[in-house]
Amino acid sequence: MSETQTDRYPDLPEGVAQRQPLLWLNPGYGAGGHRAAGAPDPAVAEARFARCAALLEDVFPELQASVGRLESPLTAIPHFKDLIFPGESAGTWLLKRDDALPVAGSVKARGGFHEVLSLVEQIGTEAGFLQDDTDRRVLADPRVRAILGRHTLAVGSTGNLGLGIGLIGAGLGLRAVVHMSADAKEWKKQRLRKHGIDVVEHSGDYAAAVAAGRAIAQADPMMHFIDDEHSEALFLGYAAAAHELQVQLRAAGRPVDAEHPLFVYLPCGVGGAPGGILYGLKRLFGRHVHGFFVEPTASPCMLVQLACGVQHPVSVYDVGLDNRTEADGLAVGLASPLVAPLMKSLLSGVFTTDEPIFYGDAWRLEAAESIYVEPSAATGLRGPTWVLSSPMGQAYLRRHGLETVMSRASHVIWSTGGSLVPEDIRREFRERGSRVASSSAAE
């Protein structure tokens, strides 16, 4: 970092500007308590998902097995864990498989589905078709669909949020437009268009595409812009996943308390999905859950924002980074102004990672567990090793009196996407991951 940047951002950790993988501990963690006071209640989203489950089951055959609930498996990954960090002291490693979420195949479906359901309920109510106790399957009635068809959903996305929004929107009869940066992955643009979703490309990065999409939507009263940077409805959709995880941990015999801490590792782009999930978990488990975000070394927007203070926006460009990473879903220069202030006291820390690490780990996970995830969804797989073996991680454990209970800890690594990646692209990812893993083994 230049002298000017060092003077301007004195609290930024050494190594960030040099794109070095590192663990940063949040100095504000716990200062405001472990549950954000006065913030929205995820129960709103949980109730909406419950009352719309029959509608979703009718609209999406993929949701019939779950009776209309948008859920993903929680899977133990002992073989991968033994490959990376053998020994009982490492606790139990679990993969929360949002890569396998039905319909949209990524964590973004959680927020996207909730916001679209919120919108169609509003439209249905205003049109006189919906009361509080009305069966939500009426929203699939041709008369309602004709009304919904006059409305357009717009979103800025690197691909996964756009796909989730577009698919549920199309299922319910709405048009969808996705604004993307011109350098977003071509296969994601093709997949969106294949499903009848309009793609508008913009010069600049993700933030520029979001800004352009927002401006266009503001000029059209029939266009609803789903704002990944500011949307409370998206945030609550993600937060509702916490209760799902609580039920799954209980079913797996994994308590969460002082003797059995829960560590969660969440890939972070703009921050809505990981922030919402951690917010929901903190409301359930308080100080017994420890949340860490993972960001690419080129794009650590949440780390930069929290380290430099949340009073004013600070982007990765401001500290000399270029925001260029193969983890395209995480290529975000500026953290959500809605989420960053909430994370100021709830987030334990952030670790950063780079391409050789997460490409290699995606390959290792598939080799060890027969689970395929896209490389950006593999970024969290090293989270437990940062906590268990790095000097900063060990300092965190000592500070919170956790050293003696880590053998009983649950480490949940959130896998955010991958099931919809085309097979030819998967082959490219596997070949690159195999080369990285082979190179690492030879060293």
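The values are calculated or read from the model by the stated rules, or taken from the named source; none is laboratory data. These numbers come from a predicted model, not from an experiment. Glycine gets a Cβ as well: all are built from the backbone with ideal geometry, and neighbour counts include every protein chain shown.
Couple of notes before you dig in:
- No other residue among L172, L192 is within 22 Å of T416 (Cβ to Cβ) and modelled with pLDDT of 85 or more apart from L192.
- Hits in the range 151-168 - residues which are outside any loop (DSSP other than H, G, I, E, B) and under 27 Å from R426 (Cα atoms): V155, G156, N160, L161, G162, L163, G164, I165, G166, L167, I168
- Search result, residues across the range 51-89 that are over 17 Å from R110 (Cβ atoms) and among the small types (G, A, S): A54, A65, A76, G87, S89
- Helices (runs of 4 or more DSSP H) contained entirely in the range 176-292, each with at least 2 residues that are under 23 Å from E121 (Cβ atoms): 206-218, 232-239, 241-251, 272-285
- Only a single criterion out of (1) assigned to a loop (DSSP other than H, G, I, E, B); (2) buried (at least 23 other Cβ atoms within 10 Å of the Cβ); (3) of a type outside the set (K, R) is not satisfied by G401, namely (2).
- Entry remark, the range 98-124: residues being of a type in the set (D, E, K, R), surrounded by fewer than 23 Cβ atoms within 10 Å (Cβ to Cβ) and in the same structural domain as I277 (by TED's automatic domain parsing) number 0 in total.
- The number of residues in the range 356-377 that are out of contact with any Lys or Arg (no Cβ under 7 Å at 6 or more places or on another chain), crowded, with 20+ Cβ neighbours inside 10 Å and under 18 Å from Q20 (Cα atoms) comes to 3.
- Test result for E259, at pLDDT 95 or above and under 18 Å from L95 (Cα atoms): no
- Highlighted here are the helices (runs of 4 or more DSSP H) found entirely within the range 1-95 that include at least 1 residues which are under 26 Å from Y279 (Cα atoms): 43-51, 53-59.
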